[in-house]
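Beneath this line is the structure, given in structure tokens, with notes to follow.
The values are calculated or read from the model by the stated rules, or taken from the named source; none is laboratory data. Since this is a predicted model, take the numbers as computed values, not measurements. Here the Cβ is made from the backbone with ideal geometry for all residues, glycine too, and neighbour counts use every protein chain on show.
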């Protein structure tokens, strides 16, 4: 992508203003965000502490109050997604969030002066036991891309849930639907086909300068059609905190339920069915709590089987400690109780809106029964995302 004019030059300076490292490839992360500052601080601190030369944040809300705070952090580049920014993107501002994310990463990839950049979300944390820079140095220059496979945060029955970043990590099961049903049972279609409730396709770590086009979970050739197989290096992964707390997860599903009731289609069928079970339950909050427990809290027998197969591991990172170490001047409360208190009023308002839409009392609704759950085809996956995130 080529940009012209003073604004384009300004953005190039922003994307090229990160720290430089000696002795290896320079890498960074790119995320489009619309999260509270308290959740962005550990995300930024973790990746700077892991050796990222730059963390680039595209602020989906150009008036986000977090912008002036984030702009003051060395190694962080902030791009408000205002009208001036979208004027640089062919076609302007996409309506869908996913399309805006891809457009912003495509822009960052074209303008960056780093060697590699990753496209992730604010609830995802790159982990590489030997260090990302060391891994990239060993791989050398390439035209392909690296897949960042997801490790999904879960809890065992003995885990406490008082902090946002505790618990264990489960990885995708190689045996597909058969293995998922053997371990979790036949009544868990939301975990099919990989054993993960969130996305199972991973995210992209791409070499800057390579002739690639991007989707949310993969890279493609310059024509946008030919798929380039990713490098599966096995020494790097993406920790995914899809559910920070049960209330956080409930809010996600109520918002998705509202979107479905308003006609949205872009959800994995099994996930869509769970969302609609929540929305149409007599007590949506109680149903959400039940679905959360069965999806993210592992019984002792299930945890033992996953651990025996190498698919359950201890948490390798501590974003809260990273925030305290690397950004000590920005203390944040990363307790589950604090986040839940922040969520409570939003959750109440969203539930009220969902019930009004569901029961046909909201303006423009078609009456009760709209958006009733449809049959689920086990293992059927949305063509792009497979799930949210």
For residue 302, indicate whether it is surrounded by fewer than 22 Cβ atoms within 10 Å (Cβ to Cβ), touching a residue at least 60 places away in the same chain (Cβ under 8 Å) and touching a strand residue (DSSP E or B) at 6+ places or on another chain (Cβ under 6 Å). no
Residues located in region 177-196, provided they are touching a strand residue (DSSP E or B) at 6+ places or on another chain (Cβ under 7 Å) and on the phi < 0 side of the Ramachandran plot: 196
Helices (runs of 4 or more DSSP H) (entirely within region 16-121) containing at least 3 residues that are over 21 Å from residue 148 (Cβ atoms), in contact with a strand residue (DSSP E or B) (Cβ under 7 Å, 6 or more places away or on another chain) and modelled with pLDDT of 90 or more: 67-71
Restricting attention to region 237-255, report how many residues are in contact with a helix residue (DSSP H, G or I) (Cβ under 7 Å, 6 or more places away or on another chain) and either assigned to a helix (DSSP H, G or I) or more than 30 Å from residue 135 (Cβ to Cβ) (or both). 10
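Yes/no per residue for (1) in a strand (DSSP E or B); (2) modelled with pLDDT of 90 or more; (3) over 27 Å from residue 318 (Cα atoms):
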site: 151; (1), (2), (3): yes, yes, no
site: 159; (1), (2), (3): no, yes, no
site: 201; (1), (2), (3): no, no, no
site: 209; (1), (2), (3): no, no, yes
site: 217; (1), (2), (3): no, no, no
site: 222; (1), (2), (3): no, no, yes
site: 225; (1), (2), (3): no, no, yes
Any chance region 347-365 includes a residue that's modelled with pLDDT under 55 and either touching a helix residue (DSSP H, G or I) at 6+ places or on another chain (Cβ under 7 Å) or assigned to a loop (DSSP other than H, G, I, E, B) (or both)? yes
The listed residue being part of a loop (DSSP other than H, G, I, E, B) and either under 23 Å from residue 45 (Cβ atoms) or in contact with a strand residue (DSSP E or B) (Cβ under 7 Å, 6 or more places away or on another chain) (or both), out of 129, 174: 129
Could you check how many residues of region 59-78 are exposed (fewer than 15 other Cβ atoms within 10 Å of the Cβ) and over 12 Å from residue 33 (Cβ atoms)? 6
For region 256-292, enumerate the residues that are farther than 22 Å from residue 98 by Cα, touching a residue at least 12 places away in the same chain (Cβ under 8 Å) and part of a helix (DSSP H, G or I). 277, 278, 279, 284, 285, 288, 289, 291, 292
Given the criteria touching a helix residue (DSSP H, G or I) at 6+ places or on another chain (Cβ under 8 Å) and assigned to a helix (DSSP H, G or I), does residue 320 qualify? yes
